[in-house]
Structures are given as structure tokens and as C-alpha cells.
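For reference, the structure is listed below as C-alpha cells.
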Amino acid sequence: MSTNRIQIFDTTLRDGEQVPGCKLDTEQKLVIARKLELLGVDIIEAGFPISSPGDFKSVQEIGRAVTEPIVCALSRAVMKDIEVAAQALSTAKRPRIHTGIGTSDSHIQYKLRTTPDQIIERAVAAVKYAKSFVEDVEFYAEDAGRTDNEFLARVIQAVVNAGATVLNIPDTTGYCLPDEYGAKIAYLRDNVIGIERCILSTHCHNDLGLATANSIAGARNGARQIECTINGIGERAGNTALEEVVMIMRQHPHLGLHTNVNAKLLLETSHLVSESMGMVVQPNKAIVGDNAFAHSSGIHQDGVIKRRDTYEIIDPSEVGVDASKIVLTARSGRAALAYRFKNLGYDITKVQLDELYKDFLEVADRKKEVEDKDLKELVSEMAH
Ligand code: KIV
Ligand code: ZN
């Protein structure tokens, strides 16, 4: 595998499913897992087996169902969690246990009520225990985003020595700025002995709308796995959106980073997740929102009609969208109207277009969007 290949760790079924009201049953999770496999993700985080019998079963069934991706199960740095995760993963061809503990001052003092040294001890014990079940053990340092870099490096050094294969550096609260998060990854890369044997991973939350930027900053500084969800769903403001990081790497080849994702399946995967979870995708969502390739102002429509890339940096067919949309509204110009009439099969002269445009604006001021049937009516009224 190329050293610049970024592994896509999809956590739609674990962190994504933590969204209130988005609970999925095993059957729905299996459908999504199969779709993620087709999409080409490298790792599917299938659930948190100790959390409920349903989650245990989902991890087991997904492990049976998918063959290509690694199937991962979450556990706290708690022996019972790790045992249950290992049991749930017994069906998986390529199992990974994801275990970890909070490392920031606030997690250590207030959530876990312990000491930094105890955190390191518990982290090491968890990794060693997980290693007794599976070879592939990912360690997460919860709230790494707000953890002092020197202490974080001590924790990470200890778990590298204990045999962790993947090192997850979550910005759990979405607090970091991109340069700060990138510097954190670079600091670990430069200060932990033996880290080159492991994969550094980003896991960024979106509380300040920076999850995608932070993940890319992490990858530019040495992370080789990005944890993300379809449509960016997840706790609070969500996780890094898979479709965004994948398309950033494709649109900026000079970064030299690439994934195995088949971008043509992004839209249908987005629809599947949105429909299964009953969670609407905001229309202006990058890449997969309804308006991501829609143009409604006259100036933009004129540009796109003349040459698509004047206002579009992605060819919609690349992500599975049929075509760009020219939406007819009161802000549309003659170029868009003529274009739509032509698509509808009308041969309209310039004089006719001037006349139709006046009538069109009257309709457009009454309606949010002028539809094809309105245009057909305008033509038939003109004929009488
Ligand atoms: O955000 C986070 O820190 C997590 C960990 C459990 C990986 O989701
Ligand atoms: Zn998370």
C-alpha cells in the first residue's frame, strides 16, 4: 500500500448512531455495512458490544457479513468491555478492538477522578488485554484535542510499547484549530519512539465546524487513518463527514493523499444512511446536500450553462449526482430560461424569449421555484 494512502475508518454505525433518535436495528445496520463495503471503506466500526445485546448482535452479524473491511468494536479501558468486544468480533475475518481512556485534565480529574500515572497504567493494561484476543488493537486517547502534548506523548509511548497497532487522537469536543491539531499529530510523530510501526488516526468532532479541516490537517502531518461518518452525523454537531474528506483529497491531488473510496457511490450511501436513520441531510451540505450542485442566481446560471466549472469544482457525476440543477427563480436570467426551454424541446426566438421572460418573472415572484409545467403554460398562453 502506498504510504500516502489514507485509510477510511467509518464510524457511522457507532459514533454516528449515538445521535438521539437515530437508533438502527441489526438488519438496518447490515444493509449499511454492506453498502460501506461496496463504497470501499477500510474499517467499519460496527458498534460498542458491551452497551446492549442489540449492539453485540450487530457487531457479530456485521463481522459475518463483510469480508474486505476490518470490523472494529469499541470498548472502554475496562476488562469486561474488552472481553465482550472480543466475543462479538469472533465472527469477523479481520477483527480490531478499539479501546481507550480519557487523557485531558478534565477527564482525569472530573470524569475518571484519578491521576495521570493511573491513566497510563490503565491504558497499557487495556491494550495488553485486548492484544491477548486480537492482533489489531487501536487505542484512543479521549479528549486528546485538549490534552497537553507532552502528557499525550507519554500515554501514546506507553501504548505503542504495549503493542497498539493504531493510535487514535480524538478531538472529542471539536475544540482544536486546524494548525493546532496538525501540530499535535506532528508532535507525536516526532516524539514517540517506534510510532512508525503504527498508524496515527484522526477522530474529529464538529463543534466549531472544523472537523473536516482538522482531519485534513492531521493527514498532512502524518496521520494515515481518518475516522468519519456518512453525512457527518454523530454526537452533538457530529463527526468529520466521510464524503468531504474523500473529495478534498480527490480535488487537491497536490496533497498526494488518496483513499480507496468509490466516490460514485457517495450520494446513494448518503441517502441510505439519511433514510435509515430518519435524519434529513441539510440542503446546503457539501457534496451530498440537495443544493450542492444547484444554481439559482442569474449570474451563476449563465456561467454554469456556458461552462460547468465556472461555478462547480466537482463534476456531479463523480459523486453519483445525475447532473447540476438550474433552479428557476425570480433571480434567474434569460440564459437559464432559454436553456430550460431548449431542454423541454421548444425552439424559442429572441423576441419570444423577451416576452416569455416578463411573464416568467411574474410567476417567479409568486412561487419559490418555477417548474416545467409553469413554463409549458406560459408557452401555450403566448400561442393564444
Ligand atoms: O470522540 C471520541 O473521543 C470517541 C472515542 C470513543 C473514540 O468517539
Ligand atoms: Zn467520537
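The values are calculated or read from the model by the stated rules, or taken from the named source; none is laboratory data. It should be emphasised that the depicted structure is a prediction, and the values quoted were computed from it without experimental measurement. Cβ placement follows ideal geometry from the backbone for every residue including glycine, while neighbour counts extend to all protein chains displayed. Note: accessible area is taken over every heavy atom of the protein model, side chains too, but ligands, DNA and RNA are not part of it. Shrake-Rupley method; radii C 1.70, N 1.55, O 1.52, S 1.80 Å.
The table that follows gives values for the structure above.
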quantity	calculated
Global geometry of the chain, whether rounded, prolate or oblate, following the gyration tensor of its Cα atoms and the 1.5 cut on a/c	prolate
The chain, relative contact order in percent, only Cα pairs under 8 angstrom and at least six apart counted	13 percent
Förster radius 45 Å - calculated FRET efficiency between ALA383 and ASN262 (Cβ-Cβ, nearest 0.05)	0.40
Distance in nm between pseudo-label sites at ASP315 and ARG34 (7 Å out along the Cβ direction from Cα)	3.1 nm
Estimated inter-spin distance, ASP347 and ARG331, nm [label 7 Å along Cα→Cβ]	3.5 nm
Separation between Cα centres of region 165-191 and region 351-384, rounded to whole Å	56 Å
Environment charge at LYS93 (Cβ cut-off 14 Å; Lys +1, Arg +1, Asp -1, Glu -1)	-3
Contact order normalised by residue count of region 34-162, Cα under 8 Å, 6+ apart, percent	21 percent
Carbon and sulfur %, accessible surface of the chain computed with the full protein complex present, 1.4 Å	51 percent
Positive-end residue of CYS22, LEU356, HIS252, charge dipole of the chain with Cβ unit charges	HIS252
FRET efficiency estimate (nearest 0.05) - Cβ-Cβ, HIS254 to LYS373, R0 51 angstrom	0.65
Inter-site label distance for LYS23 and ASN284 at 7 Å from Cα along Cβ, in nm	3.4 nm
Per-peptide average of other Cβ atoms within 10 Å, ordering 122-130, 299-307, 214-222 highest first	214-222, 122-130, 299-307
Charge context of TYR110, other residues only, Cβ under 14 angstrom, K/R +1, D/E -1	0
Helix-only [θ]222 nm of the chain, DSSP H runs n ≥ 4, -39500 (n - 2.57) each, per residue, nearest 500	-13000 deg cm²/dmol
Placed amide H near ALA294: partners under 5 Å, 5+ positions off or other chain	LYS325
Extreme residue, positive dipole direction of region 118-157, given options TYR129, PHE151, TYR140 (C-beta unit charges)	TYR129
Where region 207-353 is the region considered: accessible area per residue in Å², 1.4 Å probe	47 Å²
Electrostatic dipole magnitude of the chain [Cβ: Lys, Arg +1; Asp, Glu -1; Cα centre; debye, to 20]	500 debye
Loop-resident sites, region 234-304, for trypsin sites (Lys or Arg not before Pro), counting at most 15 other Cβ within 10 Å (DSSP)	ARG236
Leading residue at positive end of dipole, the chain (Cβ point charges), from THR329, ALA294, ILE199	ILE199
Estimated dipole of region 16-98 in Debye, rounded to 20 [Cβ of Lys and Arg +1, of Asp and Glu -1, Cα centre]	100 debye
Those residues of region 167-209 whose amide nitrogen sits under 13 Å from the label point placed on ASN149, 7 Å along Cα→Cβ	177, 179-192
Gap separating the Cα centres of region 227-244 and region 1-73, nearest whole Å	14 Å
Extension gain (nm, one decimal) between VAL363 and ARG113, 0.36 nm per residue minus Cα-Cα	83.5 nm
Summed side-chain charge close to ILE313 - residues other than ILE313 whose Cβ falls under 15 Å, Lys, Arg +1, Asp, Glu -1	-3
